[in-house]
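So the structure is just underneath, and the comments pick up after that.
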Amino acid sequence: MKYVDEYRNAELARKLVDEIHRITTRPWALMEVCGGQTHTLVKQGIDEALPAGVRMIHGPGCPVCVTPLEQIDKALAIAARPDVIFTSYGDMLRVPGSTTDLLSLKARGADVRIVYSPLDAVRIAAANPDREVVFFAIGFETTAPANAMAVAQAARLGLGNFTVLVSHVLVPPAMTAILESPTCQVQAFLAAGHVCAVMGWTEYEPIAERYHVPIVVTGFEPLDLLEGILMAIRQLEAGRAVVENQYARAVKREGNRAAQETVFRVFDVGERTWRGIGTIPASGYHLRSEFARFDAEARFDVGDIHTKEHPACIAGQILQGTKTPLDCTAYGVLCSPQKPLGAPMVSAEGVCSAYHAAGRGLAAPTAFPLYDLTRSLREAIK
Ligand code: SF4
């Protein structure tokens, strides 16, 4: 295949759905790790086209959603300072903190700027030597190479006014935490293809073996997901549990070595707190000691901010796959994309926003503005 729309081919999608139905003999619960995968599943109705009893559990792979509330509050405290230019990817701006969000802060005069790359933040720092420039470095292994490169570049340029507020999380420890949970229902994983494009899949092999759980590295287009589901169910039906790669056009077993070297030159692995899940050992990146001067938490002394979630928000249980947005009493009532209570309703990868955009469980559905092609695929696999 050469073009992206070929991965949305309705006829091929129908064949894959038929094959999934043909080989499935009993109920299975699969988790798609990444929020981008969740959005494709929900938008195309793939999860509703699977055989009765085959369930997709939506995983924790939305970086905005798993960034803890206290990290948002730290960002707000730093961004409110008159000496600071606070830079971030756009998807963090509407994530609610305890009292406000970055966009509201910007509307009140704070210098909050959207950037498309952390290197843009480095350029802003170089152009504004009399201001402190902070970049909100969140994300999984996918964004870590660019963020590491920005820190290394700031070091090379000798910038004393550039720092990063780091909130990086790692996928394999989260999968292990989910499998260790006494409430775990997951029997197979669709691993996030873009994370594996950076890190490869060797880290997943001991997980598949230890917990006897199939793991299929999977892409994000409808045919990727259907093929990933088919491969996972084939393994489950056969009693196998190994790592397989559906996303061969982007992922190699060893990943991208150059990107990994950049990451580990700047970051160390350490404990991280995940929103709604809690603290997981060795589940995030922290700046190595030789780059400690680029740590915004230390520069602005916000390390001791601790806050609590909105009491109605069950994002933690949703991110662990034990509940869906439809179990949340606030869903569509107190919480909507216009007025989100929690990050999964804000983020473009959040499961609550995916359900809401597809109109699931809403009295007045707000359907996606679907392309004709998308509609025909939905129709084809119904
Ligand atoms: S619907 Fe809103 S309040 Fe409920 S879990 Fe999702 S983000 Fe939280």
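In the range 1-102, the ratio of gyration radius to Kirkwood radius, Rg to Rh, stands at 1.18 when only Cα atoms are counted. Pairs exceeding 19 Å between alpha-carbon atoms, taken from LYS15/LYS382; LYS106/LYS339; LYS15/LYS323: LYS15/LYS323. Cα centroids of the range 215-278 and the range 303-366: 25 Å apart.
The packing ranking, built from the mean of other Cβ atoms within 10 Å per residue, places the peptides 93-102, 208-217 in the order 208-217, 93-102, highest first. Antiparallel beta bridges, as assigned by DSSP with both residues in the chain, represent about 20 percent of the total such bridges. The stretch between HIS21 and ALA363 holds 120.0 nm of extra length on full extension. This uses 0.36 nm per residue minus the Cα-Cα distance. Considering only ASP295, ASP73, ASP304, the Gaussian network model of the chain with Cα springs below 10 Å gives its largest mean-square fluctuation to ASP304.
The 3J(HN,Hα) values that the Karplus relation (6.51, -1.76, 1.60; θ = phi - 60°) gives for the range 188-197 are, in residue order, 7, 10, 9, 6, 7, x, 6, 5, 6, 4 Hz. Gly and Pro appear as x. For the range 64-208, the relative contact order is 21 percent, taking Cα pairs closer than 8 Å that sit 6 or more residues apart in sequence and dividing their mean separation by the residue count. Backbone amide hydrogens, once placed in the peptide plane, bring SER283 within less than 5 Å of GLY270, GLU271, ARG272, excluding anything fewer than 5 places away on its chain. Here the 3J(HN,Hα) profile of the range 308-314, calculated from phi with Karplus coefficients 6.51, -1.76 and 1.60 at θ = phi - 60°, is 10, 5, 4, x, 7, 7, 10 Hz, Gly and Pro shown as x. Highest mean packing first, where packing is the average number of other Cβ atoms within 10 Å per residue, the peptides 6-15, 24-33, 164-173 line up as 164-173, 24-33, 6-15.
Per-residue extension of 0.36 nm, minus the Cα-Cα distance of VAL269 and GLN317, leaves a gain of 14.8 nm for this segment. With both labels modelled 7 Å from their Cα along Cα-to-Cβ, the ALA80 to ARG108 distance reads 0.6 nm.
Taking packing as the residue-averaged number of other Cβ atoms within 10 angstrom, the listed peptides 127-134, 147-154 run from highest to lowest as 147-154, 127-134.
Here the translational diffusion coefficient of the chain follows from Stokes-Einstein with Rh set to the Kirkwood radius across Cα pairs; for 25 °C and 0.890 mPa s it amounts to 114 µm²/s.
Any read-out appearing in this document is the output of simple, stated calculations on the displayed coordinates, not a laboratory observation. Note that the coordinates shown come from a computational prediction; the quantities given were computed from them, not determined experimentally. Positions of Cβ are generated from backbone atoms using ideal geometry, with glycine treated the same way; all protein chains shown enter the neighbour counts.
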